[in-house]
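Down below is the structure, laid out as structure tokens.
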Amino acid sequence: MFPDYIPTEAKKLTEATSIELVKQIRLEAIATSFSAEPIRTAYVKQGEGNTPILLLHGFDSSLLEYRRIMPLIGQMREVYAADLLGFGFSDRASNLPYGAAGIKNHLYYFWKQIIQKPVILVGASMGGATAIDFTLTYPELVKKLVLLDSAGLTKQPVIGKFMFPPLDYWATEFLRNSKVRQNISKAAYYDKSLASADAQICSALHLQCPNWNKALISFTKSGGYGSFIKKIKDITQPTLILWGKQDQILGTKDAAKFAKFIPNNKLVWIDQCGHVPHLEKPERVATEILNYC
């Protein structure tokens, strides 16, 4: 039913959008300049069109984050969802650079091998920071930018300084705990009923992939993403900022900051919505993105 590289827990999925997206996940060996071996990278492609949309997921997540809006966008446009280096269902070799620079370089080679034309780049939460970083480095590859409750305006966390054995292992095991993940999921939604059993499986399925904890520790030790506050004024692409009005993860102050410092932008508030508007209000978010495109 599912590809053999998908953990067997996927058999417990119940939502049609979840089941269908998992069925479509494919692994492509991406050759990069920083790894002697190609990196098998998970992605999904739907639809057809001239300017593709590329969807980037958040921290400790996967492309399954986009299970509810991808079919809506795919009806109208060519759209890709890709797992970032060290996350999702992509391979996690022990010698890869699981920091912001490595993620950006890997994303470039994914674009170069799979897409090969300028994109509309969509990033949610940490994926928004990735999208900003990529846009600033490769502006010629990005036609428009969409930020969904985006990270990228806070300093690098200090927790990385304390990620040494056995604390690093304990930290990832804490994050693996189903009750902890369920509480995080509930905090991300305004409508808590959406933190369903199916949503729980989707958010944790990649934890069963080899070296999940090692890659997460490596990313955290790298410092992750810092603040782009001084750089976002250099973004020349039209930028759509979509923000859940009841975001309890990042709050709402950063939405106004993005709108203040990105030169050509449009800020849209999504009411009765938390940190994950693409999961909580998929029809509204898909419509906003398609109209902006």
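What follows draws every value from the coordinates through simple rules; no lab data is involved. This one's a predicted model, so the numbers in the text were calculated from it and none came from an experiment. Cβ coordinates were reconstructed from backbone atoms using ideal geometry, including for glycine residues, and neighbour counts include every protein chain displayed.
Structural remarks
- Å³ per residue enclosed by the Cα convex hull of segment 1-155: 119
- Here the convex hull built on the C-alpha positions of segment 1-65 has a volume of 136 cubic angstrom per residue.
- When the inverse distances between all different Cα atoms of segment 8-292 are averaged and flipped, the Kirkwood radius reads 18.8 angstrom.
- Straight-line cross-link partners of Lys260 among the aspartates and glutamates, defined as a Cα under 14 Å from its Cα and at least 8 positions apart when in the same chain: Asp234.
- Among Met70, Met1, Met126, Met76, the order by Cβ neighbours within 10 angstrom, fewest to most, reads Met1, Met76, Met126, Met70.
- Reach of Lys11 by Cα under 21 Å, taken over lysines that are not fewer than 8 positions away in the same chain: Lys23, Lys179
- Distances between placed amide hydrogens fall under 5 Å for Lys143 paired with Val119, Ile120, Leu121, all partners being 5 or more residues away or on another chain.
- Cross-link pairs exceeding 24 Å between alpha carbons, from the set Lys186/Lys233; Lys45/Lys281; Lys155/Lys231; Lys112/Lys266; Lys104/Lys253; Lys230/Lys266: Lys186/Lys233; Lys112/Lys266; Lys104/Lys253.
- Relative contact order for the chain: 20 percent, from Cα pairs under 8 Å spaced at least 6 residues apart, divided by residue count.
- Range in the chain, longest, excluding exposed trypsin sites (Lys or Arg not before Pro) [loop by DSSP; at most 11 other beta-carbon atoms within 10 Å]: 1-154
- Range in the chain, longest, excluding exposed chymotrypsin sites (Phe, Trp or Tyr not before Pro) [loop by DSSP; at most 16 other beta-carbon atoms within 10 Å]: 35-293
- The alpha carbon radius of gyration of segment 186-239, expressed as a multiple of 2.2 N^0.38 Å, is 1.70.
- The DSSP beta bridges internal to the chain are antiparallel in roughly 25% of cases.
- Local electrostatic count at Ala82 - Lys and Arg +1, Asp and Glu -1, tallied over other residues with Cβ under 10 Å: -1
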